[in-house]
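Visitor: Have a look at this one.
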Amino acid sequence: MEPKGQPRVAAELPVRVWGMDADGKPFFQNATASNLSSEGALLSRIQHPLKMGEILGVQYGEKKARFEIKWVKAVALPKGFDAGVRIMPNQSVPWDEVTRKGQENPELTRRSDKRRFLRHRVQFPIVISFDDPRRAHMQCYATDIGGRGCYVETLVPLSVSTEVIITFWIDSDKIVTKGRVKTSDPAVGMGIEFIALEEQIQKRLQEYLDKMDKGFAKAATHGNQS
């Protein structure tokens, strides 16, 4: 989508997206922009089929811009799609302030070709609990997950910096680790970083997710052909 090695900012922003879907029908919905750069982003949680080359409108906060769809990928969620988009000429990305601040902070940036743990759009069951046993557990699904963290869609996300206990299963093995809320988007969801997951478990989780994602993508492709 952008020149190889262009700095990207590891942030997840709630956005509004609109345009024409692959069937020529107009749509307007909430989505998430991540993998941010000064020229484009990854749009996820898209509930409509999209077509390469089409133009989308994207709004973050009060700022809007038009983007071209460079690639589309079916994901595990029902009728779910990810899309890579690039800003149209003479436009500015709505998240320019976010990318500028992120690129000034090395902890928030990375090179797109050096990311160790890719995030996968799969429905992955997890349990969120707390050190305080009086607080109710949250049985939910991570809808965007990798070896270092996940995103949970919820109307009432926890506040940033809240520490939690994350429990999940890899095959029949129960994994328990600590997490910290890194992003909190009201009425959308929250991003959680795994802060105590051993590297060998991170790698094992990543391999497990890779297999899940390939299986779902294959099933989605066959379903679209039928």
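Each reported figure results from applying straightforward, stated rules to the coordinates on display, with no laboratory input. Please read all numbers here as calculations on a predicted model, not as lab measurements. Here Cβ is always computed from backbone atoms with ideal geometry, including for glycine, and neighbour counts include all displayed protein chains.
Visitor: Which aspartates and glutamates does K211 reach when only Cα atoms under 16 Å apart count, and residues fewer than 8 places away in its own chain are ignored?
Guide: Cross-link targets: D144, D171.
Visitor: So, one more: If amide hydrogens are placed 1.01 Å from N in the peptide plane, which non-local residues have theirs closer than 5 Å to the one on T162?
Guide: Distant-sequence amide H within range of T162: V181.
Visitor: Check which residues have an amide H placed less than 5 Å from I195's amide H, if you skip close sequence neighbours.
Guide: Correct list: K178, G179, R180.
Visitor: On a straight-distance basis, which aspartates and glutamates could pair with K63 in a cross-link, Cα separation under 18 angstrom, same-chain partners fewer than 8 positions away excluded?
Guide: Within reach: E12, E39, D96, E97, D185.
Visitor: Starting at the first residue of region 44-53, write each ³J(HN,Hα) from the Karplus equation 6.51 cos²θ - 1.76 cosθ + 1.60 with θ = phi - 60°, in whole Hz, x for Gly and Pro.
Guide: 10, 6, 7, 9, 10, x, 10, 10, 4, x
Visitor: What order, most packed first, do the peptides 122-128, 144-150, 34-40 have when packing is the mean number of other Cβ atoms within 10 Å of each residue?
Guide: 144-150, 34-40, 122-128
Visitor: Rank these for me by crowding, E199, E54, going from fewest to most other beta carbons within 10 Å.
Guide: E199, E54
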